């Protein structure tokens, strides 16, 4: 069975890294939510 999405890599602003780590470790959000929220240049700048 093929995955429903591809885990595309993305970069993040330094001030966003802790928020990403917190939400992933607590399972509040999934990786794909951050990856799809990254801009066209592949940088996550926050919500």
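The values are calculated or read from the model by the stated rules, or taken from the named source; none is laboratory data. Every value quoted in this text rests on a predicted model; they were computed, and no experiment measured them. In this analysis, Cβ positions are derived from the backbone assuming ideal geometry, glycine residues included, and neighbour counts consider all displayed protein chains.
Brief remarks on what is shown
- Applying a threshold of 6 Å to beta carbon distances and a minimum spacing of six or more residues, or different chains, the list of pairs starting in the range 24-47 at a residue that is on the phi < 0 side of the Ramachandran plot and part of a helix (DSSP H, G or I) and ending at one that is loosely packed, with under 14 Cβ neighbours inside 10 Å and modelled with pLDDT of 90 or more is empty.
- The residues of the range 32-47 include none that are over 18 Å from residue 15 (Cβ atoms) and in contact with a helix residue (DSSP H, G or I) (Cβ under 7 Å, 6 or more places away or on another chain).
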